[in-house]
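Trainee: For reference, the structure I am asking about is given below.
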Amino acid sequence: MGASQGIVRAVGLAVAAGLVASCGAVTARSSAGTAAPSPSPSASATGGSAPAGVASFYTYPSARALKAKAAGELFASEPLALGPGLADAAASARRIMYRSDGAEGPVAVTGFALTPTGTPPRGGWPVVAWAHGTAGVGPDCAPSRAANLSAGPGGHDERLITNLLRGGYAVVGTDYPGLGFPGRLQGYLQLGPESNAVVDSVRAARHLDAALGARWFSLGHEQGGAAALGAGEIAAKRARELTYLGTVSLAPVSDPGAAVDEAAKLKPPYAPDWGRTAALLTYTAVGARQATPPAAPSDLLPPRLVRQIPAAERLCLAPLGEHLEGLDPQPPALVAAGRGGSEALRAFFAQARPARAKSAGPVLLLQGGKDATIAPERTGKLRGRLCALKDTVQYKTYPDADHDGLLDASFQDVGAWLSARLNGKKAPGDCG
């Protein structure tokens with residue numbers, strides 16, 4: 001079955017199954033064929049122990065080894081054990097380590113490469129480069145360390161990847177620079193390195209498996225939604241040997257400075273799940289501290305949250321949010337009062353904004369109406385910036401979808417859009 005026909009079938013199966021599964025114990029696939037989520041193998045950051053044999057893969061290459069590789073070349077790969085739903089949909093699954101470029105030069109990045117079952121179409125499997133949402137900044141939060149390819153609960157990422165595989169797409173996922181390696185931290189929201197890593201993941205996977213074709217998409221959520229957009233902006237120059245077909249960006253980070261300004265207005269008692277907001281702010285402070293020029297955590301965070309930086313460096317998103325919600329009393333503010341005076345922080349926010357250059361392909365921009373993490377108004381403004389660059393943009397909202405539920409709610413439209421691009425149909429646009 002070809003990718004364009006297979007994705008339509010996968011969409012139908014997913015919709016028939018309702019897509020929204022519980023995050024409890026592993027179960028077999030439903031009669032409709034949609035995978036139930038697998039538990040996330042995790043380390044201390046997520047309350048369990050690391051799966052045997054995984055940690056040894058994450059040894060950072062020497063400086064000499066880094067210099068010997070070109071961007072997109074492999075350092076290493078090994079078999080990746082998947083949860084039942086993903087394992088049924090994948091003919092092969094490999095953990096990968098490849099060279100990319102960070103803010104200061106060459107870096108090693110880990111990730112995964114999956115191929116679907118069946119016979120590849122002429123020209124090889126089309127590839128979707130998956131850019132994950134916020135997982136954490138510590139090594140245990142790398143999606144490639146987990147059997148469900150996600151550091152968090154809910155199974156949304158797993159279902160999306162499973163259905164892409166069933167639709168006839170190879171799926172390649174980056175962990176982003178710094179994530180996964182002991183003793184290192186992710187440069188959270190450093191858009192240039194994240195975008196490079198998305199593009200280079202496809203190049204690396206094609207070195208690994210000749211069945212992967214040259215046609216590819218970037219698809220990402222939240223942090224990854226911005227990285228997917230950034231990948232589209234550099235795809236034509238960074239990977240001239242590939243054919244870029246377009247970007248799917250779901251609830252992307254688009255203006256961190258504006259998000260921080262909104263968080264600064266919050267006062268206790270905070271709304272339920274306020275720990276997630278505090279966790280994202282704390283990760284942002286870690287990312288800004290690693291940027292050039294570095295911003296001090298106190299430039300962004302009030303003292304009580306600055307003291308939580310060690311926890312943020314260790315804990316993945318859900319456990320960190322729970323940890324912060326346990327602070328008693330609640331912090332009087334989530335953002336430092338003097339944040340506007342930090343030039344380094346302003347520079348960090350500016351570099352994290354996507355829509356900096358025209359994309360090499362069309363853009364499908366999606367947003368949930370009940371998203372409490374990414375404000376719909378910010379995504380609407382991003383659409384305007386993309387249109388100003390003369391991108392071909394289709395913007396669609398899902399009024400009843402929250403932040404993570406958007407992945408499930410939008411999949412039918414995502415699948416149809418990918419299939420149409422593969423079939424050579426002109427992408428629709430609503431920029432006017």
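Trainee: Looking only at residues in the range 243-269 that are open to solvent by less than 40 Å² (accessible area, probe 1.4 Å) and part of a helix (DSSP H, G or I), which one is farthest from Leu422 (Cα to Cα)?
Mentor: Selected residue: Ala264.
Trainee: Determine, yes or no, whether Arg276 is within 20 Å of the chain's Cα centre (by Cα), closer than 30 Å to Asp400 by Cα and open to solvent by 10 Å² or more (accessible area, probe 1.4 Å).
Mentor: On the way: within 20 Å of the chain's Cα centre (by Cα): yes; closer than 30 Å to Asp400 by Cα: yes; open to solvent by 10 Å² or more (accessible area, probe 1.4 Å): yes.
In short, yes.
Trainee: Further, regarding this structure: Got a sec? Which of Pro79, Pro84 is modelled with pLDDT under 95 and open to solvent by 20 Å² or more (accessible area, probe 1.4 Å)? Walk me through it before giving the result.
Mentor: Working: Pro79 fails: modelled with pLDDT under 95.
When all the criteria are applied, what remains is Pro84.
Trainee: Here is a follow-up. Please list, ordered by residue number, the helices (runs of 4 or more DSSP H) wholly in the range 285-386 having 3 or more residues that are open to solvent by 30 Å² or more (accessible area, probe 1.4 Å) and modelled with pLDDT of 95 or more.
Mentor: Per the criteria, 303-306, 309-314, 317-325, 343-351.
Trainee: What number of residues in the range 57-71 are closer than 16 Å to His207 by Cβ and either touching a Leu at 6+ places or on another chain (Cβ under 6 Å) or assigned to a helix (DSSP H, G or I) (or both)?
Mentor: Going through the range 57-71 one residue at a time, the tally reaches 2.
Trainee: For the range 117-161, how many residues meet the condition of being surrounded by 24 or more Cβ atoms within 10 Å (Cβ to Cβ) and assigned to a loop (DSSP other than H, G, I, E, B)?
Mentor: Count: 15.
Okay, residues lined up against (1) touching a Ser or Thr at 6+ places or on another chain (Cβ under 7 Å); (2) over 30 Å from Leu317 (Cα atoms); (3) at pLDDT below 95:
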{"position": "Glu194", "(1), (2), (3)": "no, no, no"}
{"position": "Ser201", "(1), (2), (3)": "yes, no, no"}
{"position": "Ala204", "(1), (2), (3)": "no, no, no"}
{"position": "His207", "(1), (2), (3)": "no, yes, no"}
{"position": "Gly224", "(1), (2), (3)": "no, no, no"}
{"position": "Ala227", "(1), (2), (3)": "yes, no, no"}
{"position": "Ala235", "(1), (2), (3)": "no, no, no"}
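Trainee: Just to check your reading of the model, which residue among Arg215, Arg240 is at pLDDT 95 or above, assigned to a strand (DSSP E or B) and either within 19 Å of Glu104 (Cβ to Cβ) or over 12 Å from the mean Cα position of the chain (by Cα) (or both)?
Mentor: Arg215
Trainee: Just give me the residues in the range 208-220 being farther than 18 Å from Arg122 by Cα and open to solvent by 30 Å² or more (accessible area, probe 1.4 Å), in sequence order.
Mentor: The one that is farther than 18 Å from Arg122 by Cα and open to solvent by 30 Å² or more (accessible area, probe 1.4 Å): Leu208.
Trainee: Between residues in the range 144-162 that are within 16 Å of Val172 (Cβ to Cβ) and residues that are basic (Lys, Arg), which pairs lie under 6 Å by C-beta distance while being six or more apart or on different chains?
Mentor: Ser144/Arg95
The values are calculated or read from the model by the stated rules, or taken from the named source; none is laboratory data. Since the model is a prediction, treat every value here as computed from it, not as a measurement. Quick reminder, even Gly has a Cβ in these numbers, built from the backbone with ideal geometry, and neighbours come from all protein chains shown. All accessible areas refer to the heavy atoms of the entire protein, side chains included, with ligands and DNA or RNA removed. Shrake-Rupley method; radii C 1.70, N 1.55, O 1.52, S 1.80 Å.
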